[in-house]
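Input: a single structure, listed below in structure tokens.
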Amino acid sequence: MKLSETCIERPVLSWVFTLVLILMGFVGLFRLPVQKYPSIENVFLTIETQMPGVGPDIVESQITRHIEDSIAGIEGIETISSVSSSEESKVYIEFRPGRSMEDALNDVRDRLARVKEKLPQPNLRTEPMILRSRSDERPIMSLALTSNQMDSSELYDYAENEIKKDLESIAGIARIDVSGASSYVMKVDVDPILMAGHKINISDVRDAISSQNFEAPAGRIESKNKQYNVTTVADLNKPRDFEEVIVSTDKGRIIKIKDIGKVSLDADDKRTRMAFNGKTGVRIAVTKQSNANPLQIAEDIKSKLLLISKRLPKDAQIQIANDTTTYISKSINSVYLSIIEASILVILVVFLFLKSAKASLIPLVTIPVSIIGVAFLMYILGYTINIFTLFALVLAVGLVVDDAIVVLENIHRHIHDGYSPYEASIKGIREIGFSVVAMTLTLVAVYLPIPLGSGKIAKFFTEFAITLAGSVLLSGFIALTLSPMMCSKLLKPNNSNKTKQNGRWEKFSNAVSIDVFLERLENSYHRTLKHALDEKKSVITFSIIVFLSGIWVFSSLRSEYFPEEDTRSFGIEAHAPPSATLEYTEKHLKHIDSILSTYPEIERRISSIINPNVDISVELTEDDSSIIKSIGRMFTGQGRSTQEIIEELTARFKNITGLEPRIQTGGAGGSDSNLVSFVVRGNKETYALSGSVKELTNALLSSGMIRGVRARSSVDNEDYILTLNRDKIANIQKTPREISDFIRYLLKGEKTGKFKKDNKQYDVNVQVFSEYKSSPDDILKFYIRGGTPKDPNLIPLSELISIDSRTSPPEIQRHNRTKAESVQAVLKKGYTVGDAITKIRQIADETLQEGVYLDFTGETQRFITESKSMQLVFMLSLCFIYLVLAAQFESWRDPFIIFISVPLSLVGGVYALNYLERGTLNMFSFIGFITLIGLITKHGILIVDFANKIRKSSNESAKIAVLKASQMRLRPILMTTLAMVLGAVPLMFGGAGNENRRQLGAVIIGGMSLGTIFTLYIVPLVYTLISSNKVKKKIFSS
């Protein structure tokens, strides 16, 4: 090849090429951000609309349906789901990956503007609000602020006004959320009976506070030289100040708020609680920007906490309650270690075969050049250093030396035949150049279809594929430029090798006697291959049996989206009944927390209540995966694994009543690998759907596959309907709307002005004592002022309204504009999502009535959709490789000969997964199978290309040519196989995130091992059957 020969003749030029790649690589390397996973812009929008005083059925019919119909035609929508509850409508929109957030927002805003006229505008509290989020917007760290002296509201205010401002100054932070408590509110609780006795209405209290608690501009004073603003201040700031407010004068007697009620400083919202390790406080959640480096942000937060902790008030403490970056750091460091280990193993393989430190340097130099050089490609494409790109670099260590090994071995063979290093380099690269180009392009071609896949998996593995393909392209370039030049300079003539072998490396390599072993192996291989070519039927029959057995094993393998990762953490989600009070939920949460506190492995636990829902995040002590620690656990029983703790907790949680706790574990990509989600939908009443859901869930629990089921449906919620007597309301000079607003004011209270505390403003809320709102009959005891201003009277509500009870769902769910009930099923250990999907479909066909359907949702639906997409990618990869080989060989027949080894190589990967503990068909093992296609065809290219060249030059028969070619190519095939297999061995080692790496590593190791054995026999055999006995007139080289 001209480029190779030029580089041999001009060594400085070849070094310039190499140094430019390294320099550009370093530029990209130091600018690449670090993340756990590639960034995915999966857009989620929520439309919230509030309509006071109405139930779920009215919200659904008057708001939710109109909004759903208006947005249904927007481009790129994946799913539309909604929940209509009392006074509130929430419509959730999920867009397909790749949809721009700004474009999605603009489209939704346009559609909402068109539908406003159909909404009951006068009855809405506010305009429909659009809330946005992305799939990767999860808190990377949570802090807990606790104190023995400060109450929750005081902690909340300090976190919101002080700590939040400090943290927001850190670069890369998108949002700081404070939860677990609420701000202060001045609560003015009044007694309706006392008010009635004094002929006072609750609106009188509101008006009195408004008239006596204000701060208003009074005007301006102007002197000759200056102007002064004047402000009238009549503010109330303490509970005692509000209690002294005069409400009315009854027959000369002054009635103050303290005479009819009580004023207290309290929390605004008592539906929420947070506890860290059993201690009440507030949670501060930190969410990063999409492209920010989480590890750097975590370090900056820890540095900032040292300063914050020094100025905390009283006995307050701030601690890290949850830190996801710890696992990210461990996972990435573990892969870095795998790269180092793979490099060491590959170095040993190369040296073992070449027996020369100088010769070993030739292929080994491709490792740093290719890995560093590809960083520039990653940078200009906007990629990050993440788990997937690092996996690519681990595999690249074994791959990038392949081409250089093939070049080196071929030149070394010519030197052994008596050529000088310079002559051997020229002759060798001319001879092997075509094969190097073919092998490089073949491996690159296998990854080209991956970006054509859909969804999250395509995005994840696109970065993997491009990174690995880029490093392979660079290695091919180095093999054609730097490697032959180095061979001409570093390799010794054959006579020198015979006369001088006194170096330390040479003495060590001679002691290994690898040459003697390889010569015997080559002779044995030649003899067995010759026998195999004579016994074609037996070999083909055996191969078919192996292939069919592989299909049988493949059909028995379980499938899942991502393998479950042991992150030494898990979550617990619990739900109280919809009508449960905060006190009820908190009481049962303490039971769960007391169970968790008995586990010494649990280091941190943070629980949050947003009544009636409970979320608990649990972090375990770090697991020492060393052999010594593992043996120690066997004898002491201490240091249980995460899965063991989860199984024990699951059994103990079964005895808990009042809450429905469910343990969530993490998989790669942020998914819960043990969770299956689906909806049961149909144009049926909610009661009918709930009946179908109950029958389905009972059947699932009886199947033995499901650990627990939570159906987000409840039809036993009792509520009340107030019927207004229009005639009587008109007689007291009121309207039904005024009566409705008055009742809402009594039951919910109303914000009435502001007060100041520590230079901050807070709300004042007037409401009726809670004991007067404990039953529906209490409403009838309230009074409202009616009549004319000259003749006002207090009329009991019992004369104006009637109360009826009814049973109705607390919420109405819809999925893709059809009524639905959502269900989540948690799998037992040993079962995968693929198993569950098959079983759920089977049970649904047996139990669901006509007109009721089951749709999988969330990550479960993505698994189904993207599995089909990846099957298409797999087939396209085969087609791409075949076409690339056909173009290079100028033949339709030679690529088929090379391809014959692919099925048997895939069988090796299947066998390896079958024997691997929890080996499954998942996205990591799938990418291993695609990689195998490109790897195993490299061996076939070497054999077929050399056989063709032998036949062209010597007019040998196909059998003789392929025998010679196979024996000549045995050493480079064995070297490249060993380099690839040993390069993948570190993927099988322990460490954070090894659950994913093991799947990929097992496929590569098993597939390459079995595939290489069959390639060495099946490819030559098929070559003799298919290849023409006539010498080819023309064989194209590069």
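If the label point is 7 Å along Cα→Cβ of LEU452, which residues in the range 871-898 have backbone nitrogen under 12 Å from it? Residues 871-883 fall inside that zone. Shown is the FRET efficiency for THR657 and ARG138, computed with R0 = 22 Å from the Cβ-Cβ distance and rounded to the nearest 0.05: 0.10. A simple spin-label model places the labels of ASP69 and LEU878 4.9 nm from each other, with each point 7 Å out along Cα-to-Cβ. Helical content of the chain, expressed as a calculated mean residue ellipticity at 222 nm, amounts to -17000 deg cm²/dmol (DSSP H runs of 4 or more residues, -39,500 (n - 2.57) each, divided by residue number, nearest 500).
In the range 799-904, Rg over Rh equals 1.32, where Rg is the alpha-carbon radius of gyration and Rh the Kirkwood radius from pairwise Cα distances. Over the chain, what is the relative contact order in percent, taking alpha-carbon pairs closer than 8 angstrom and at least six residues apart? For the chain, the relative contact order is 16 percent.
Listing THR838, THR657, THR857 from fewest to most neighbouring C-beta atoms within 10 Å gives THR657, THR838, THR857. Full extension of the segment from SER524 to ASN613, taken as 0.36 nm per residue of separation minus the current Cα-Cα distance, would add 25.0 nm. Normalised by the number of residues in the range 729-876, the average gap of Cα pairs under 8 Å and 6 or more apart makes the relative contact order 12 percent. In terms of other Cβ atoms within 10 Å, TRP15, TRP892 run from fewest to most in the order TRP892, TRP15.
Ordering HIS526, HIS531 from the fewest to the most neighbouring beta carbons within 10 Å gives HIS531, HIS526. If the chain linking LEU131 and VAL233 were pulled fully straight, counting 0.36 nm for each residue of separation and taking away their Cα-Cα distance, it would gain 32.9 nm. Each of LYS829 and LYS2 was given a label point 7 Å from its Cα along the Cα-to-Cβ line. The distance between the two points is 6.6 nm.
At full extension, ARG10 and ASP534 could sit 183.8 nm farther apart than now, given 0.36 nm per residue minus the alpha carbon distance.
Since every read-out is calculated from the coordinates, none of them should be taken as a lab result. Note that the structure is a prediction, hence the values are computed from the model and not measured. As a convention, Cβ positions derive from the backbone with ideal geometry for all residues, glycine included, and neighbour counts pool all protein chains shown.
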